[in-house]
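**Q** Here it is, the structure, as structure tokens.
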């Protein structure tokens, strides 16, 4: 766990953590954050909120990922088109069968090389291979799996990959709010923080009762407090 240092910052750590959490958790702009804080009597510019997010967001996200339990070995892979600086790119993403975002990769191509790069990144990051992989019918996936020697069951059935398709929606909302991503690097940085925060606060409300949901939600806030604790 990497503690955060808020030294030489004019505002208290609580305000900085709140600004970072608001931007990572909800579909808000930096100007929205400025107004939300201003309503509470806190005079912070949107540029300050942006710098806070860029400085503290990646460390908080890394801490959140360390607090997460091991994901499922049933993976869903998919790719979506994103506009970056006016040009079409492909956002390759992997989630497990419970909606946990595993990893993502921004690429300019939609081919076997990009699919292979995503799988190698996943295997290195998670440290284990899946037993079942669900994808669409893109031919790049079987070619990539063969190239790396993946022996997992490969499901390409109709509607089998709805889990991954639905998981694109929060990213699509953020893309519209930000009026497209500005560069592949900025997209990777933002989505890394967004994914870790989304995983922490995402609960399948329809699968649990109110009492359990309140406990899960309280656990999410506790995890954020630990991940963003000051040194």
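**Q** Is it the case that region 126-143 has a residue that's closer than 23 Å to residue 194 by Cα and either in the same structural domain as residue 29 (by TED's automatic domain parsing) or in a helix (DSSP H, G or I) (or both)?
**A** yes
**Q** Here's something else I'd like to know. Out of everything in region 175-191 that is touching a residue at least 40 places away in the same chain (Cβ under 8 Å) and surrounded by fewer than 18 Cβ atoms within 10 Å (Cβ to Cβ), what residue ends up being nearest to residue 83 (Cα to Cα)?
**A** Among residues in region 175-191 that are touching a residue at least 40 places away in the same chain (Cβ under 8 Å) and surrounded by fewer than 18 Cβ atoms within 10 Å (Cβ to Cβ), the one nearest to residue 83 (Cα to Cα) is 180.
**Q** Restricting to region 156-188, count the residues that are part of a helix (DSSP H, G or I) and under 14 Å from residue 133 (Cα atoms). First the steps, then the outcome.
**A** In the first step, residues of region 156-188 are kept if they are part of a helix (DSSP H, G or I); the result is 162-167, 169-177, 184-188.
Narrowing the set further to residues that are under 14 Å from residue 133 (Cα atoms) leaves 162-164.
Qualifying residue count, region 156-188: 3.
Matching residues to (1) more than 21 Å from the chain's Cα centre (by Cα); (2) loosely packed, with under 14 Cβ neighbours inside 10 Å; (3) within 23 Å of residue 66 (Cβ to Cβ); (4) at pLDDT 95 or above:
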{"site": "125", "(1), (2), (3), (4)": "no, yes, yes, no"}
{"site": "131", "(1), (2), (3), (4)": "yes, yes, no, yes"}
{"site": "154", "(1), (2), (3), (4)": "yes, no, no, yes"}
{"site": "159", "(1), (2), (3), (4)": "yes, yes, no, no"}
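**Q** Kindly provide the set of residues from region 164-185 that are within 17 Å of residue 201 (Cβ to Cβ) and either touching a helix residue (DSSP H, G or I) at 6+ places or on another chain (Cβ under 8 Å) or not assigned by TED's automatic domain parsing to the domain that holds residue 137 (or both), ordered by number.
**A** Initial filter on region 164-185 (within 17 Å of residue 201 (Cβ to Cβ)): 166-167, 169-171, 173-174.
Matches in region 164-185: 170, 171, 174.
**Q** Continuing with the same structure: Going through region 67-83 one residue at a time, which ones are in a strand (DSSP E or B) and either modelled with pLDDT of 90 or more or surrounded by 20 or more Cβ atoms within 10 Å (Cβ to Cβ) (or both)?
**A** Step one: list which residues in region 67-83 are in a strand (DSSP E or B), which gives 74-83.
Scanning region 67-83 gives 74, 75, 76, 77, 78, 79, 80, 81, 82.
**Q** Which one of 54, 91, 28, 22 is in contact with a helix residue (DSSP H, G or I) (Cβ under 8 Å, 6 or more places away or on another chain), surrounded by fewer than 16 Cβ atoms within 10 Å (Cβ to Cβ) and either outside any helix (DSSP H, G or I) or not assigned by TED's automatic domain parsing to the domain that holds residue 150 (or both)?
**A** Values: 91 fails: surrounded by fewer than 16 Cβ atoms within 10 Å (Cβ to Cβ); 28 fails: surrounded by fewer than 16 Cβ atoms within 10 Å (Cβ to Cβ); 22 fails: surrounded by fewer than 16 Cβ atoms within 10 Å (Cβ to Cβ).
One residue alone meets the criteria, 54.
**Q** Tally time: how many residues in region 94-122 are surrounded by fewer than 18 Cβ atoms within 10 Å (Cβ to Cβ) and in a helix (DSSP H, G or I)?
**A** So the answer is 4.
The values are calculated or read from the model by the stated rules, or taken from the named source; none is laboratory data. Fair warning: this is a prediction, and the values are worked out from it, not measured in the lab. Every residue, glycine as well, gets a Cβ built from its backbone with ideal geometry; the counts of neighbours run over all protein chains shown.
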